[in-house]
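Following: one structure in structure tokens, then a few remarks.
The values are calculated or read from the model by the stated rules, or taken from the named source; none is laboratory data. Because the structure is a prediction, the values reported are computed rather than measured. With ideal geometry, Cβ positions are generated from the backbone for all residues, glycine too; neighbour counts draw on all protein chains shown. Each accessible area value is taken on the protein alone, full model and side chains, heavy atoms only, with ligands, DNA and RNA left out. Shrake-Rupley method; radii C 1.70, N 1.55, O 1.52, S 1.80 Å.
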Amino acid sequence: MIPITTAIADGIEGDLNRSVPSLPSSQSSPLTGTTKKVIPSSPRRSQEIGECKSPPPVIKTLRAELLSIVNGVESFSACIPNAREATPFETEFFKGIAMLIVRCDPQDEQYRSFFMGKRMFEVQVQGKFKKLPTGEIYVGAEATKKMELGIITRSISKAAMQFAGTVVNDLQYSFGEPPEQLDHQIPHVVAPIFPTFDKVIVSGPGEVPPALGTPFPEDPDYRKLRMKFKLTSDANVDLNSTYSFSVNTANLDLVRWTLVNIPLCRPLNLGTFFGNAAIQLVGYEIPAAIVSACPGAHPHRHLNYMFNLRLSQVDEHSVQDLPNAGCSDDEVEEEPGPPAVPGGVSGPGEAVGEAEGFSDGQDEDEDLPQSAASHKAPGQSVRKKLFSRQVFGLGDQKKGVSGWLRRHIGGAGEARGRDSKDK
């Protein structure tokens, strides 16, 4: 969403790999004051994914990379989806290991337990903070380039963010600003870290962190507690505990690079909104000075990354060679039609251009002078109708889109989502 969307080494490998002495059957957590059951395990319990009898599937359409920052030098290293072991990373703020687990077709038996429902992927991050946070930590997703949205796509995006803001507390977003600006923001949708992650497990010194590659078991009492956190300081972050985070979504099919399972929408290529930009699932701190000076702003040059998992589509044309890849059986298109054109959307008996061809001032006939509207490039109105059909399942773009936007934007009321640019 958002959300999530997420990355971890040497410093904690000693904790993760060391032999665990006999532990008491329970001990008190320094963070919650509650008593947690401690389960003794083998020395590599936290990194072993289980007994692996097959290599990970080869997913040709998705590239995943983890950011590391050492002595101010940034580098990205491969994070293989559905790998049989976690990928290490380190930033100046956090050090640990991470895994990306995605739904694919045929199903990866190693991770079948993750995909019993409609879940499309899960990111697991585990490690230790290297510095105590002084500002606020947010998690969510970024795009690497400013979003160039037309009228329809921008309206849909704002409506989606406004709706998400009614569900997620303190949701903050921006469609991006020109990189020429010194304190520009890149496109992002983020929320405070502790109430936002699906699972959070804090393992104090002497406690065994959960194994990556299996669904995390979270203490229900701690979950209730963290959901009430308003500020990062409420979590009492320390440098000795190991933090395990996980986030998943049913709405982003990374293998096919599409949005799925969205009410009123058919599967929609991410290029419609982000062009050829990569998507980054991130956690970062905004320093206290920036939080005070620029409330709601997330200037890119001031972000202290906790983790950054960069995702990009390798070759959009190769997706056509993966029928139903990453999709469950109930997500297959019911109505027959011609093959989809890469980068665009298609409908029965109609041709399409590139979905990225939308630009401001060209999405609606009424935004053009009559003379200009009568001299539009061939196929432009066809693209608009098909975009409407792809998103809303409607044949009449003018009536369907306008009515939908009036219902979901004009009557949405005051939402809690905050656009740090368009307030």
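The amide H of residue 166, built 1.01 Å from its N in the peptide plane, has 416, 417 as neighbours under 5 Å, considering only residues 5 or more places off or on other chains.
Measuring against 27 Å, Cα to Cα, the residue pairs 118/230; 158/230; 118/224; 130/199 contain 118/230 as the ones spanning a longer distance.
Sequence-ordered 3J(HN,Hα) estimates for region 115-126 from the Karplus curve with 6.51, -1.76 and 1.60 and θ = phi - 60° stand at 10, 6, x, 9, 3, 9, 7, 9, 10, 10, 10, 9 Hz, glycine and proline given as x. On the principal axes of its alpha carbon atoms, region 162-220 extends 48, 28, 20 Å, with the longest extent given first. Sequence-ordered 3J(HN,Hα) estimates for region 138-154 from the Karplus curve with 6.51, -1.76 and 1.60 and θ = phi - 60° stand at 10, 10, x, 9, 10, 10, 7, 9, 4, 7, 9, 9, x, 4, 5, 5, 5 Hz, glycine and proline given as x.
Ligands, DNA and RNA are left out, and with a 1.4 angstrom probe the accessible area of region 249-291 is 32 Å² per residue.
The 3J(HN,Hα) values that the Karplus relation (6.51, -1.76, 1.60; θ = phi - 60°) gives for region 201-210 are, in residue order, 10, 10, 10, x, x, x, 8, 8, x, x Hz. Gly and Pro appear as x. Based on alpha-carbon atoms, the Kirkwood radius and the radius of gyration of region 129-188 give Rg/Rh equal to 1.04.
How would you rank 195-207, 226-238, highest first, on the average number of other Cβ atoms within 10 Å across their residues?
Top to bottom by mean Cβ count within 10 Å: 195-207, 226-238.
Amide hydrogen proximity for residue 258: with H placed 1.01 Å from N in the peptide plane, the residues at 5 or more positions away or on another chain lying under 5 Å are 253, 270.
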